[in-house]
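First the structure, in the form of structure tokens, and then the observations on it.
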Amino acid sequence: MTTTSAKKAEVILGSDNYFHWEFAMRMTLARKGQLAHVQVVKDPAEITEAWLLNDMKALGLIAQGVAVEHHIKIRSATSAIMAW
């Protein structure tokens, strides 16, 4: 028995597709439970180790969704919202 799974093509941010990329990335972040990391600036007093770990996961998802030639624009980001 062979099983197949359809893998959905991801939208990679390029020079001319921000509108489509932004929606696809919001949906990806929401699916992974990370959407709040690009919607809310967290009060430094409320930041926990778990929140920081999840923020790095969100940043990683964003970085994976950006074309290599645009990595220079987010390379110095230390949080998901900075990369957003």
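The values are calculated or read from the model by the stated rules, or taken from the named source; none is laboratory data. Because the structure is predicted, anything quoted here is derived from the model rather than measured. Ideal geometry is used to build each Cβ from the backbone, glycine not excepted, and the neighbour counts take in all protein chains shown.
Checked against the criteria, residue 5 counts as part of a loop (DSSP other than H, G, I, E, B), of a type in the set (Gly, Ala, Ser) and at pLDDT below 95. Scanning the stretch 34-46 for residues that are over 20 Å from residue 11 (Cβ atoms) and either modelled with pLDDT of 95 or more or part of a helix (DSSP H, G or I) (or both) yields 36, 44, 45, 46.
Only one entry in 58, 63, 24 is farther than 14 Å from residue 79 by Cβ, in a helix (DSSP H, G or I) and at pLDDT 95 or above, namely 24.
Could you give me the residue pairs with C-beta distances under 7 Å whose first residue belongs to the stretch 20-44 and is under 13 Å from residue 56 (Cα atoms), whose second residue is β-branched (Val, Ile, Thr) and modelled with pLDDT of 95 or more wherever it lies, and which are 6+ apart or on separate chains? As it stands, the answer is 29/38; 37/81; 38/81, since those pairs meet every condition given. Restricting the search to the stretch 9-40, which residues are within 18 Å of residue 69 (Cα to Cα) and in contact with a helix residue (DSSP H, G or I) (Cβ under 6 Å, 6 or more places away or on another chain)? Matches in the stretch 9-40: 11, 13. Regarding residue 52, is this residue touching a residue at least 12 places away in the same chain (Cβ under 8 Å) and not basic (Lys, Arg)? In short, no.
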